[in-house]
Each structure stands twice: as structure tokens, then as C-alpha cells.
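Worksheet for the structure shown next.
Taken together, the values in this text are just the output of simple stated rules run on the coordinates, not laboratory data. Here the structure is a predicted model, which means the values were calculated and not measured. Here the Cβ is made from the backbone with ideal geometry for all residues, glycine too, and neighbour counts use every protein chain on show.
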Amino acid sequence: MTASGQRAMPFWSSRARAQRAANLGFWGGDLRATQVPVEVWRDTDLPDLETEGLLIGINWTGPRLVGYEFTVPEVLNRIAHALKEGPYADG
């Protein structure tokens, strides 16, 4: 859950960041970080999460796992810009 009470699915930009978050024990069990190719994340995972109405949490850190949340279209826009496939436009 985000600070505003919306549901979000967290993702991290590196395996080390993801593993640090997994080690905090919020989700219980013995979690381990795995990599997802950006194309799979962009073309499959993100559209599925949008259908579920989830926000995307990026690089949540700290003992309470806080950070930025974006809508799926915002994340897709940022990915397109990072891959030089389209303009970056806030909003």
C-alpha cells in the first residue's frame, strides 16, 4: 500500500536493491530478487498491472519501504524516453 492508501506493485532498478527490500521481511517467507527483461516488463507485466488497477512503486527504500509511485502510463512514458523511443512528457 502507498502512503495514500492505493495498492502498488514495487519494482527495483537493481537486484541488490530488490534483495535489500526482500530481506526486510514485509512479505514473509524467503524471498529472493530476480531479473525481468525490460521488454517483458513493459509489454506484459505492466499492462497486466494496469488492468488490476495497481500503481508501480519504483525503488522503494528504507525500513518502511517508501518511495515513488507512478501509473502504468507514466512508467511506460519514462521507459520510452530512457530507450530513446519517444519523448518524455510529465503528466
(request) Measure nothing but the geometry: give the 0 to 90° angle between the long axis through the Cα atoms of 72-82 and the longest principal axis through the Cα atoms of the chain, rounded to 10°. (result) 70 degrees
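Once the Cα gyration tensor of the stretch 4-91 is diagonalised, what are the square roots of 5 times its eigenvalues, in whole Å and ordered largest first, as equivalent ellipsoid semi-axes? All intermediate terms of the calculation are to be shown ahead of the outcome.
On the way: eigenvalues 106, 43, 32 Å².
After diagonalising the Cα gyration tensor, the semi-axes are 23, 15, 13 Å.
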(message) Taking a virtual spin label 7 Å from the Cα of M9 along the C-beta vector, which residues in the stretch 62-76 bring their backbone nitrogen under 16 Å of it?
(response) 69-76
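Which whole-number percent gives the relative contact order of the chain, counting Cα pairs below 8 Å spaced six or more residues apart?
Details: 99 pairs, mean separation 26.2, N = 91.
With pairs under 8 Å counted, the relative contact order is 29 percent.
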(request) Note down the relative contact order for the stretch 40-91 as a percent, whole number, built from C-alpha pairs under 8 angstrom at least six residues apart. (result) 26 percent
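Roughly what % antiparallel, to the nearest 5, for the DSSP beta bridges in the chain? The partial results should precede the final answer.
Numbers: 4 of 8 bridges.
DSSP beta bridges in the chain are roughly 50 percent antiparallel.
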(request) Just grab the label-to-label distance for D45 and Q19, each label 7 Å out from Cα along the Cβ direction, in nm (one decimal). (result) 1.7 nm
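Grab the other residues whose beta carbon is less than 13 angstrom from that of A3, score K and R as +1, D and E as -1, and report the net.
My count for the surroundings of A3 gives +1.
What does the net charge come to around A22 if you take all other residues with beta carbon closer than 9 Å to its beta carbon, with K and R at +1 and D and E at -1? Write out the running numbers ahead of the final one.
Values: positive: R20, R32; negative: D30.
Value of the local net charge: +1.
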